[in-house]
1. What is the minimum Cβ-to-axis distance for chain A, in whole Å, where the axis maps A onto B, and to which residue does it belong?
2. How big is the A-B contact in terms of buried accessible area, both chains counted, 1.4 Å probe, rounded to the nearest 100 Å²?
3. Taking a label point 7 Å out from Cα toward Cβ, give me the nm distances from A:P284 to the same spot in the other copies, shortest first, one decimal.
4. With every protein chain present, what is the per residue accessible area of the range B:408-478 (1.4 Å probe, Å²)?
5. For B:D406, place a label point 7 Å from Cα along the Cα-to-Cβ direction in every copy; what are the distances to the other copies, in nm, shortest first?
6. By per-residue mean of other Cβ atoms within 10 Å, what is the highest-first order of A:151-159, B:66-74, A:448-456?
7. Lys/Arg Cβ at +1, Asp/Glu Cβ at -1, dipole of the range B:3-164 taken about the Cα centre: which of B:S163, B:F20, B:Q106 is farthest positive-ward?
8. Which part of the range B:23-57 falls in the paramagnetic zone of B:E166, meaning amide N under 17 Å from the point 7 Å along Cα-to-beta-carbon?
Protein chains: 2
Amino acid sequence: MNGADRLISTLTKNGVQVCFANPGTSEMHFVAALDRSPDLKCVLGLFEGVVTGAADGYARMTGVPAATLLHLGPGLANGMSNLHNALRARSPIVNIIGDHATYHRQYDAPLTSDIEGAARPFSSWVRASPTADAIATDAAAAITAARTAPGGVASLILPADTSWSEPIADAPLPDAVLTRPQPVDDAKVRAVAEILRTGEPTGLIVSTDATRDTDTLDTAGRIAAATGARVLMLNNTAVTKRGAGRVPVERIPYPVPAAVEFLKDFKNLILVGTKPPVSFFAYPDKPSEEFAPGTRIQELATDRTDARAALEALAGELGASSYLPIRAELDVPEMPTGSIDGDKLADFLAVRIPDNGIVVDESITTGRSFYARTATARPHDYLVGTGGSIGYAMANSIGAATACPDREVITLESDGSGLYMPQALWTQARENLNITTLVFSNRKYQILRNEMQGVQADFGGPRAESLMDLSNPQIDWVQLAGAMGVPGHRATTMEELNAAFDGAGQVTGPTLIEVSL
Amino acid sequence: MNGADRLISTLTKNGVQVCFANPGTSEMHFVAALDRSPDLKCVLGLFEGVVTGAADGYARMTGVPAATLLHLGPGLANGMSNLHNALRARSPIVNIIGDHATYHRQYDAPLTSDIEGAARPFSSWVRASPTADAIATDAAAAITAARTAPGGVASLILPADTSWSEPIADAPLPDAVLTRPQPVDDAKVRAVAEILRTGEPTGLIVSTDATRDTDTLDTAGRIAAATGARVLMLNNTAVTKRGAGRVPVERIPYPVPAAVEFLKDFKNLILVGTKPPVSFFAYPDKPSEEFAPGTRIQELATDRTDARAALEALAGELGASSYLPIRAELDVPEMPTGSIDGDKLADFLAVRIPDNGIVVDESITTGRSFYARTATARPHDYLVGTGGSIGYAMANSIGAATACPDREVITLESDGSGLYMPQALWTQARENLNITTLVFSNRKYQILRNEMQGVQADFGGPRAESLMDLSNPQIDWVQLAGAMGVPGHRATTMEELNAAFDGAGQVTGPTLIEVSL
């Protein structure tokens, strides 16, 4: 049993079941060990961003970490942007980065770089494991770090000789330590209850700890029913269980003027494991803080607190535990017909999201009304961008579909975003994942056209316009999908989209539909 | 004239003519300023690795920096792997990373990360420019840093308000300081001359400073002619001018056993701006140092020394200045026919590389004989992987073709590597660049199959095999090229390849040929 075997055994012993991988030479002993480790499923990505994005999606759906396997500093670098998103999603990930053998680093061979330094800005924990004897303990520590609230990216650097060496001692495999979230702060509970008893307009801003757990959502809904408070979430909340039968959560809009308008009448905002709502970007004439000046901000729970317990304590304090939460009722619109626009696409989704479906939404400008209009669709999970790094959705969907093979995944992708990591389609095909991808093809970076007006840049010059234009040449998404082994279709009307979606449901494995706008 | 205007004006005043860009919201004032700055050409990439890889290719061909434009930490992250290659290529790059407005960082908005910390491992210089008054000075310092020997990646972080603010003072635009390389060390020149006078088998390992300058190569060739020394280079030397009329440089092989065999009879190795040859990776049973134990290693020049002056001083010391260097003579083989293999492809290249062509070689296992067999082709520039991060070649070619619009670029791409950044094809089409890409499609990570045997991992299990297999599904490169707007062809015989290559020469703009192996 070499170091790689001990690493994999420690992972599987502690509940890590999947490794998303793009290995290289220094990881070959890990790869070889897979054939001695049937309990660790290994999924290949052709690019490291696919690997880390898939691990994020897996973590979002399961709450437990997948492992990654990346190749030295550049492999880590290619995976970093989706690690950034994962950190913001609070996704637990055991991020394994192969390195040169320890004795080889002194030679500064071409692939050498400062992996620890590179990992730190995109990790919540970093450790290089120096020996085959240390690796099991280090792996357990990585799992502990990844799973400690609020969830994090634990980067474990694995030198090649740590993998290939036999340990000196035959020590038992260690357990990861599952730490409890921090306890509820009773003083905060009382302070929040006092605010809610005033009857002033109050928003309860909950985190993904609440939005992905229907019991916790119910508790928030009881508090809302008892006090008149509204249940809100930040725009970039990782996963929301919603639709018919669930307590609806109002999402603070992305555009600053809309967010300011949305928040302006709240006298109090209660933070349940979140931060106050701030604008995604700074704009010369707009505030960074989206809430009205003078709004009282009161924390109920930090991101390390048990959000469920905090809300239950608050419900108890308020006598709200016996209230019935307001839940969404199923209400789907007519299927829209004719030419395609964003609102019709939203209605289409409201009709077509299946019971217990998973929606991964990176539709950016096309999808501005998707969230609101699908509030009363069949019950589903809704995943969105968390860290603002685009191109994650098709990779996230791999992880979600791997975690939930019996559920249908719908990926809502903008063409600009989808072009960051189109290799994700190949893994979807290879793993025969149940994913239908809609690519909204407007052939431009429409978000940037909006933002350029938002930042009051002197807009409209042809060279600036050209940098937001994806029409020369046009991307052919049907060919792109076909190149990656995914059947592709093109829809130019709602009827064609509906028919293509029907077709996708009749095959196993992934389908891509280019929605021409 | 806001900060963005002053930045761009400082760039263009100091010789930066091209910016490869993938901008976002925080860069919108830079983008808007382009319409007031006709001297800076701006080239859009759909992924940041394309941007940084193009900047590397541009720098390799010109020796002067291009600028990049990246979007915060994740945008930088996506560009890092090719910055790693650029650092190893000694390519000067002014790497501009937009950031939040300075006052907005305190809010930890979703896209916030430690950009300085992230940039450091992949940069030779990092600075965040705090104000519109500082930006011109900081940009000049970045250019200075990028151009200081041996050439480097200068990462300049550009907060949004630095861009959009008007400076307080109307200071003149500063000049970058062009620093001289370090002077020749006469003691080292004498020490090397003494070694060469022994007549012992000696290798002169030159860097890209020599291999991309025919005069410097000639000087090395004179020394070789006068002393019997052989002119060598490391396997990952960025650019080599070679073919008919040039002094040939022997390339130390990549596989460790071949490198050890190649180097075993040298008694002395002279380093001219390089490091001693070491293996790319460590292997359990192979040395990290590829030269024989006891080999004398003597430095003539560091990577900061003027390599040309050092070689000229050495030639003078040896009385070699009047010798005629041995130059390659044109000798091209017959055009191979029939089924395709690596050696026939090498001969094909030897026939088809055009006069003054540029070859970017990321052919990995398919191309093991390409370099040797093209030594007597028509004169050309040969670019190879420098930092071991794969997927750079199609992006590098963008930069090379942008720098040299009148020359033909041939990209030799392996299918595994090409799948890291296939978006490069779109920029090739958009810019109508004169690039012909051959993709060697063997539908596997053949390099890893070799390496797994090399590292003595227990080879051959089906799960390990599966992680090196790209055949399920097969990638259709013709469709992939078509999706990106590049005409694609498939060749299954040498005749088909030759015909497709003819066709590529008859159109303007890029072509891709999938070479089925």
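The values are calculated or read from the model by the stated rules, or taken from the named source; none is laboratory data. Computed from a predicted model, the values in this text were never measured in an experiment. Note: ideal-geometry Cβ built from the backbone for every residue, glycine included; neighbour counts use all protein chains shown. These accessible areas exclude ligands, DNA and RNA; they are computed on the full protein's heavy atoms, side chains included. Shrake-Rupley method; radii C 1.70, N 1.55, O 1.52, S 1.80 Å.
1. Of all Cβ atoms in chain A, the one nearest the axis gives A:Q479, 2.
2. Summing both chains' loss of accessible area gives about 8300 Å².
3. In nanometres, ordered from closest: 6.4.
4. That works out to 28 Å² per residue.
5. Spelled out, the distances from B:D406's label point are 6.9 nm.
6. B:66-74, A:151-159, A:448-456
7. Ranked along the dipole, the leading option is B:F20.
8. Output list for this probe position: B:33.
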